[in-house]
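**Student:** I'd like to ask some things about the structure below.
What follows is calculated from the coordinates using simple rules that are stated; it is not laboratory data. Quick caveat, the model's predicted, so the values are computed rather than measured. Here Cβ is always computed from backbone atoms with ideal geometry, including for glycine, and neighbour counts include all displayed protein chains.
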Amino acid sequence: MTLPLIVPTRPFAGQRPGTSGLRKKVSVFEQPHYLENFVQSVFDALEGFAGATLVVGGDGRYYNDVAIQTIVRMAAANGFGRILVGQRGILSTPAASCVIRKRGAFGGIILSASHNPGGPDGDFGIKYNAGNGGPAPERITEAIWRRSEAIERYLTLDTADIDLARLGVTSIGAAQVEVFDPVVDHAELMATLFDFAAIGELLRGGAFRMRFDAMHAVTGPYARAIFVERLGAPEASLVDAVPLPDFGGGHPDPNPVYAAALVETMFAPDAPDFGAASDGDGDRNMIVGRNFIVTPSDSLAVLAANAHLVPGYARGLKGIARSMPTSRAADRVAAHLGIACHETPTGWKFFGNLLDAGLATLCGEESAGTGSDHVREKDGVWAVLFWLNVLAARPGESVEAIVRDHWRRFGRDIYSRHDYEGVDVVAANGLIADLRASLGDLPGQRFDRGDGSVARVTLADDFAYTDPVDGSVTTGQGIRVGFDDGSRIVFRLSGTGTEGATLRVYLERFEPDPEKQGVETQEALGPLIAAAERLAGIRGRTGRDRPTVVT
Ligand code: VG1
Ligand code: CO
């Protein structure tokens, strides 16, 4: 038997996981021992996995295959008994969550930088998911980071690469490595939740056309297996459905800026009825109707309000959870249904406890993430199927009609996020620090509402969260400024970028009057945008006169 090699190493600074794992430039990960140090720190932060199962896979981006070979050897050397690897190294984030749960694995390692660009000059990332299938909670990610600061050695094996293309089991050291089909388990789970007969009828009928843009990222194979092979949608419904290591040079972030091609198709005269896209690792979703983009916060609310039409959720929702910067649209549905709506910090890791404890069924984030208790990650293909199921159950109603009807019933939370990417780190930190310092002075301040009336600040704080299940406290999660007319501005810095800082400004205003709900979003938010500038001095501090991305 091959004995583990003990390789001496020294710590790298900065191996602290962010909103969703450790993300760095590929060139950073390519440094000798960099990946190994982090992986060993993960294993050192865990206990009790001798002989247990580890799931490994990624979004197919550049360096995915190299990293998988390294991780497999290290997992075997560290005493895992069985290592499950997605064929060709492919495994979407939600599918990884599904497989960890279904196969009773101890945990999993997912290689992805999600919506960040890939390729030799792009980004790479790695995250650990626990046995519930969800992102490691902060208790574990902080332990991994502390370990990485003191690491002196890692364990590996001197063995040949495994063949990632061939399904089946091989031995390495004392461990068995199983290369498995990455789409089957997830597709089977989807079939238990949705009315595949009704969706299939809709997609095969000819009167309804969909377009799914996989952005050359991981969802291509999942979309083909489900929409085409199981549900009978024409092959032409899929675009950019072959995963590429550099995502075809694109930015696999499903929003109107980076998925402009899909938006163009959906706004053309002969547009399909339904459009959708997913991101690098398949956990995000963008939903577009004909001439109509669905705001992710609205999408969560619409799905919640229509969940009774979907077999997997027809028995009712236990609760809803949304990240703090996500609009309050879902809260209104929760109130209507008589269930709780939990407000968590940004990042899916905060939903895990609520889902495990049965306190929430649906979860969502404004960043195009929606999911449920079927796994412990957000799930792009799941969200698309949910929408298709709703459309099948409300025949003749378009995506736009369904959303407008929702606004009429619940009111419209007019919402937008402005991102300032690649901003100077010192300037961005200064902006947030000064806002934090001014919180005490804000309540009572008056801001012009744009129609001659004024709104007063009623809430100004730095969001902190106490997990209702384990009591853990997370602080510093974003500056919230709330007004007496229900409007809100949130400022926070991204925890997923790799270059400089990204400032996110989240803006929302409630419009209950159906007569006024047709307004253009940026126009309707104009006074709030001006208030954000007055509060934070964004232009002067960042040197930018407009956001990089508006969603
Ligand atoms: C962003 C989003 C957040 C999401 C996270 C991971 O984080 O805002 O809602 O959970 O990405 O999504 P940040 O810290 O950059 O705002 V993914 O698809 O990258 O796993
Ligand atoms: Co993602």
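**Student:** Quick one: what do you get for the stretch 281-353 if you divide its Cα Rg by 2.2 N^0.38 Å?
**Tutor:** 1.14
**Student:** Based on the Kirkwood radius over alpha-carbon pairs, what value in µm²/s does the Stokes-Einstein equation return for the translational diffusion coefficient of the chain at 10 °C and 1.306 mPa s?
**Tutor:** 66 µm²/s
**Student:** Around G478, which amide H atoms from residues at least 5 apart in sequence, or from another chain, sit under 5 Å from its own amide H, with H modelled in the peptide plane?
**Tutor:** Under 5 Å from the amide H of G478 lie the amide H atoms of F463, each far enough along the sequence or on another chain.
**Student:** Right, here's the next one. Using the Cα atoms as the points, what is the convex hull volume per residue of the stretch 169-286 in Å³?
**Tutor:** 122 Å³
**Student:** Taking H as built 1.01 Å from N, whose amide H comes closer than 5 Å to the amide H of R209, not counting residues under 5 places away?
**Tutor:** D273, F274
**Student:** Right, another one. If we count every other residue with Cβ under 14 angstrom of G358's Cβ, Lys/Arg +1 and Asp/Glu -1, where does the sum land?
**Tutor:** After counting each charged neighbour, the total is +1.
**Student:** Shifting gears a bit: Using θ = phi - 60° and the Karplus relation 6.51 cos²θ - 1.76 cosθ + 1.60, list the HN-Hα couplings for the stretch 140-148 in order, rounded to whole Hz, with x at every Gly or Pro.
**Tutor:** So the Karplus estimates, Gly and Pro as x, are 7, 5, 6, 5, 4, 4, 4, 4, 5 Hz.
**Student:** Nearest-5 percent of antiparallel DSSP beta bridges in the chain?
**Tutor:** Of those bridges, close to 70 percent are antiparallel.
**Student:** Per DSSP H run of at least 4 residues, take -39500 (n - 2.57); add these up for the chain, divide by its residues and hand me the 222 nm value, nearest 500 deg cm²/dmol.
**Tutor:** -8500 deg cm²/dmol
**Student:** Something else: Give me the net charge for the shell around A105: Cβ to Cβ below 13 angstrom, other residues only, Lys and Arg +1, Asp and Glu -1.
**Tutor:** Every neighbour counted, the sum reads +3.
**Student:** Check T548: other-chain or 5+ apart residues with amide H under 5 Å from its amide H, H built from backbone geometry?
**Tutor:** Those lying under 5 Å, H to H, from T548 are D419, Y420, E421.
**Student:** From the C-alpha coordinates alone, can you work out the Kirkwood hydrodynamic radius of the stretch 414-527, in Å?
**Tutor:** Hydrodynamic radius (Kirkwood, Cα pairs) of the stretch 414-527 is 15.8 Å.
**Student:** Kindly write out, for the stretch 182-188 in residue order, the coupling ³J(HN,Hα) from the Karplus curve 6.51 cos²θ - 1.76 cosθ + 1.60 (θ = phi - 60°), rounded to whole Hz, with x marking Gly and Pro.
**Tutor:** x, 9, 4, 4, 5, 4, 5
**Student:** Could you derive backbone 3J(HN,Hα) for the stretch 524-531 from the dihedral phi with the Karplus parameters 6.51, -1.76 and 1.60 (θ = phi - 60°), listing whole Hz in sequence and x where the residue is Gly or Pro?
**Tutor:** Once rounded to whole Hz, the list reads 5, 8, x, x, 5, 5, 5, 5.
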